[in-house]
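What follows is one structure encoded as structure tokens, with my remarks underneath.
No value in this document is a laboratory result; all are computed from the given coordinates. Computed from a predicted model, the values in this text were never measured in an experiment. In this analysis, Cβ positions are derived from the backbone assuming ideal geometry, glycine residues included, and neighbour counts consider all displayed protein chains.
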Amino acid sequence: MPVKSRETVVASGEGLKAGACSDGGFWVFGYGSLMWDPGFAFEEVTAARLHGYHRALCLLSVRNRGTPERPGLVLALDSGGSCQGLAFRIGAETAGATREYLWEREMYTGAYRPRDVPLRLNDGRRVMALTFVARPDHEQHFRAQSPEHAAELVRQGIGQMGTSLDYLRNVIGHLDGLGITDGPLHRVLILAEARQA
């Protein structure tokens, strides 16, 4: 299957109405950097769980946390399992601008696919939300052979926004602060830091 460009995805309308609420706002699910650096205004934020996808270091970073020659490794949602994260409710007055911002932030290489996914919020509510999941057919999609292999990519990645190692440290620090346990990520971080030392 050919990989769609950002322009093709937007033009096709794929994901443009994901998470929409009846009042014109929408929900967004954050599982990585959106949790601590959303970059948009929101009316509400709450813990949430998504079933059918899990948080994984499965995306090669060739700009923000690496280069094409020496890619880093960053998070995406990969199929299977479940994921705890944060749900943000965006108001109607900023909905259009927020969607445009999210497309610029997440869809610049086409490595993600926008999805309308069901969430269970911490208070028991169920909502539909926009999120971005890994495209298994994209050249940046990556499954490490081992935690050691993943740690090597995390250790080497340096891009426009810093290192892949600092990114992983930040992710784990915020997950720990939210009480979200993710053993596989901790394992990769321990290995990456040991190799860095």
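Structure data summary
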read-out	value
Distance in nm between pseudo-label sites at Asn170 and Ala97 (7 Å out along the Cβ direction from Cα)	2.3 nm
Three semi-axes of the equivalent ellipsoid, region 134-189, Cα gyration tensor, whole Å, largest first	20, 15, 12
Ser82-Asp123 pseudo-label distance in nm [points 7 Å out on the Cα-to-Cβ vector]	2.0 nm
Matching label, semi-axes √(5λ) of the Cα gyration tensor in Å computed from the structure shown, candidates [x] 25, 19, 16; [y] 27, 20, 14; [z] 31, 22, 14	[y]
R0 of 30 Å, Cβ-Cβ distance Met161-Asp23: FRET efficiency to nearest 0.05	0.30
Descending Cα extents along the principal axes, region 101-154, whole Å	40, 25, 19
Most mobile listed residue (Gln140, Gln160, Gln84) in the chain, GNM with C-alpha springs under 10 Å	Gln160
Cut-off 14 Å (backbone N to label point 7 Å along Cα→Cβ of Glu139), residues of region 86-125	109-111
FRET efficiency, 1/(1 + (r/R0)^6) with R0 30 Å, evaluated for Arg63 and Gln196 via beta carbons	0.90
Residue among Arg55, Arg120, Arg105 with the largest mean-square fluctuation in a Gaussian network model of the chain, springs linking Cα atoms under 10 Å	Arg105
Gaussian network model of the chain, springs between alpha carbon atoms under 10 Å - residue of Ala129, Ala95, Ala76 with greatest fluctuation	Ala95
